[in-house]
Amino acid sequence: MKLLNVVLLLLPLSLCLAEVVDDFTESCPQFFANPYHVVSPPTGFTGDRFRKICQTLNNKAEFATLYDTENRIPVYSAYRFTGLMKCKRRMGNWYIEPQLESGTLGPNMATESAVRKQGVNIVNQAVNGDYKYSGYDKGHLAPVFHATSQNCADATFTLTNAAPQAAMFNRNTWMRTEKSMNDTLTKSCLNVGLRAFVVTGVVPGPDTLKNEGRVRIPSHFWMAFCCLDSNNIPRRSGAFYGKKDDSVKEKDESVKEKDESEKEKDESVKEKDESVKEKYESVKEKDESVKEKDESEKEKDDSVKEKDEFVVYPRSVKNMETELTQLYKIHVNNIPDFRFTLFAGECYTETEPMEKQLVVKASKRKKGTKDCKPNKCRKL
Ligand SMILES: *[C@@H]1O[C@H](CO)[C@@H](O)[C@H](O)[C@H]1NC(C)=O
């Protein structure tokens with residue numbers, strides 16, 4: 001680490017295409033809002049463990065990430081939103097950041113195997129093996145869904161832009177949140193001539209993947225945006241975060257989980273009974289109940305992850321800063337005067353309240369309850 005710092009310092013800035021950088025505002029300012037002409041990366045994090053990455057693929061920087069090399073997850077990724085481009089989700093290899101390991105390595109993100117081939121030990125970041133068989137998705141911070149180009153979409157598939165995310169949350173609630181963000185930013189910002197900047201981050205929680213102590217599992221996911229007019233005056237802002245649902249008791253893995261899967265079996269039997277009745281009513285309904293059975297099979301597989309129930313809440317940027325300051329103070333930085341600031345504390349002009357649909361429980365759409373049939377819930 002120390003050697004790396006020396007190497008970086010010795011590199012003249014003009015030659016520094018490197019994406020592990022000293023200063024976001026010099027190396028890739030284009031990904032940060034600049035209210036009143038001041039480029040404003042979120043503030044509050046200092047120390048060697050936090051590394052600034054201008055995420056570069058094919059010699060083009062696509063977004064920026066502040067990476068925590070101790071927890072091996074990002075603190076945040078920042079990008080400009082320019083509307084949906086319908087980029088393809090190419091689920092190939094995930095990249096890693098070579099320069100987190102050695103400052104002499106190239107400026108582009110690279111696959112783990114390509115880096116290992118050069119005899120480099122990967123210690124300062126998560127690798128694919130950390131996630132394998134962990135039961136968690138690699139959850140994007142800068143989303144592929146918001147990417148401005150195919151190169152940008154591909155560049156989001158770097159482990160330095162990912163944090164462990166429960167599959168249900170990743171594929172349902174957070175995806176809906178990203179969609180809702182598109183609607184808000186398109187309508188409230190892009191369509192009225194504003195430039196939209198987004199920062200999305202995580203708060204590290206108490207657990208690590210497979211209890212190996214390497215990659216920390218977040219307790220919160222958050223997103224905040226700031227929209228500026230052509231004079232760089234902030235016009236719109238908003239935020240929301242997903243946090244573990246406290247109303248859901250952490251389940252005792254072995255005992256309660258078993259009980260639940262028994263119950264689920266009972267339910268699927270009941271569903272079968274019902275489907276017999278429904279057979280006489282309509283063929284289409286029967287097809288649906290078959291699908292339902294498949295889903296309840298799948299749910300059984302996912303039951304380990306059910307303890308990670310997340311709920312998404314809208315916030316003003318100001319409230320978001322206050323809450324994140326508390327959380328980061330406890331979970332990351334035990335500094336008394338620690339203060340987390342988004343957008344240099346200059347973007348508090350709120351949009352209309354974020355759409356109500358954001359406040360939807362991930363769990364609600366999954367299982368049938370008395371007042372909510374699964375096939376109805378699915379439409380939520
Ligand atoms: C993105 O938002 C715009 C504006 O609300 C909307 O027209 C468009 O359908 C949205 N795209 C997706 C994929 O949700």
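Yes or no, residue by residue, for (1) buried (at least 18 other Cβ atoms within 10 Å of the Cβ); (2) over 13 Å from the mean Cα position of the chain (by Cα):
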{"position": "Ala110", "(1), (2)": "yes, yes"}
{"position": "Arg116", "(1), (2)": "no, yes"}
{"position": "Tyr131", "(1), (2)": "yes, yes"}
{"position": "Gly139", "(1), (2)": "yes, no"}
{"position": "Phe145", "(1), (2)": "yes, no"}
{"position": "Ala162", "(1), (2)": "yes, no"}
{"position": "Gln165", "(1), (2)": "yes, no"}
Within segment 196-206, count every residue that is over 17 Å from the mean Cα position of the chain (by Cα) and at pLDDT below 95. 1
Within segment 147-158, restricting attention to residues that are surrounded by fewer than 24 Cβ atoms within 10 Å (Cβ to Cβ) and part of a loop (DSSP other than H, G, I, E, B), which residue is farthest from the ligand (Cβ to nearest atom)? Phe157
Tell me, yes or no, whether segment 345-365 has at least one residue that is modelled with pLDDT under 85, part of a strand (DSSP E or B) and in contact with a helix residue (DSSP H, G or I) (Cβ under 6 Å, 6 or more places away or on another chain). no
Go through segment 92-140 residue by residue and tally those that are without any contact (Cβ under 8 Å) to a residue 24 or more places away in the chain and assigned to a loop (DSSP other than H, G, I, E, B). 8
Considering segment 81-101 alone, what residues qualify as being surrounded by fewer than 17 Cβ atoms within 10 Å (Cβ to Cβ), over 22 Å from Lys132 (Cα atoms) and away from the ligand (no atom under 16 Å from the Cβ)? none
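Residues are listed down the side, and each one gets a yes or a no for (1) modelled with pLDDT under 95; (2) over 26 Å from Phe221 (Cα atoms):
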{"residue": "Ser102", "(1), (2)": "yes, yes"}
{"residue": "Gly106", "(1), (2)": "yes, yes"}
{"residue": "Ala114", "(1), (2)": "yes, yes"}
{"residue": "Ala126", "(1), (2)": "no, no"}
{"residue": "Gly129", "(1), (2)": "no, no"}
{"residue": "Asp137", "(1), (2)": "yes, no"}
Members of segment 157-179 found to be at pLDDT 95 or above, touching a His at 6+ places or on another chain (Cβ under 9 Å) and polar (S, T, N, Q), listed by number: Asn161
What's the number of the only condition in (1) assigned to a strand (DSSP E or B); (2) free of Cβ contacts under 8 Å to residues at least 40 places away in the same chain; (3) within 12 Å of His146 (Cβ to Cβ) that Val198 fails to meet? (2)
Inspect all residues belonging to segment 201-223 and state whether any of them is in a helix (DSSP H, G or I), surrounded by fewer than 17 Cβ atoms within 10 Å (Cβ to Cβ) and aliphatic (A, V, I, L, M). no
Count, please, the residues in segment 176-228 that happen to be more than 18 Å from Val312 (Cβ to Cβ) and more than 16 Å from the ligand (Cβ to nearest atom). 16
Contact list, first residue from segment 159-184 and among the charged types (D, E, K, R) and in a helix (DSSP H, G or I), second anywhere and within 15 Å of the ligand (Cβ to nearest atom) and at pLDDT 90 or above, beta-carbon distance below 6 Å, six or more apart or interchain, is Glu178/Pro143; Glu178/Phe145
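The values are calculated or read from the model by the stated rules, or taken from the named source; none is laboratory data. These numbers were taken from a predicted model, which means no experiment stands behind them. For neighbour counting, all protein chains shown are included, and Cβ atoms are generated from backbone atoms with ideal geometry for every residue, glycine included.
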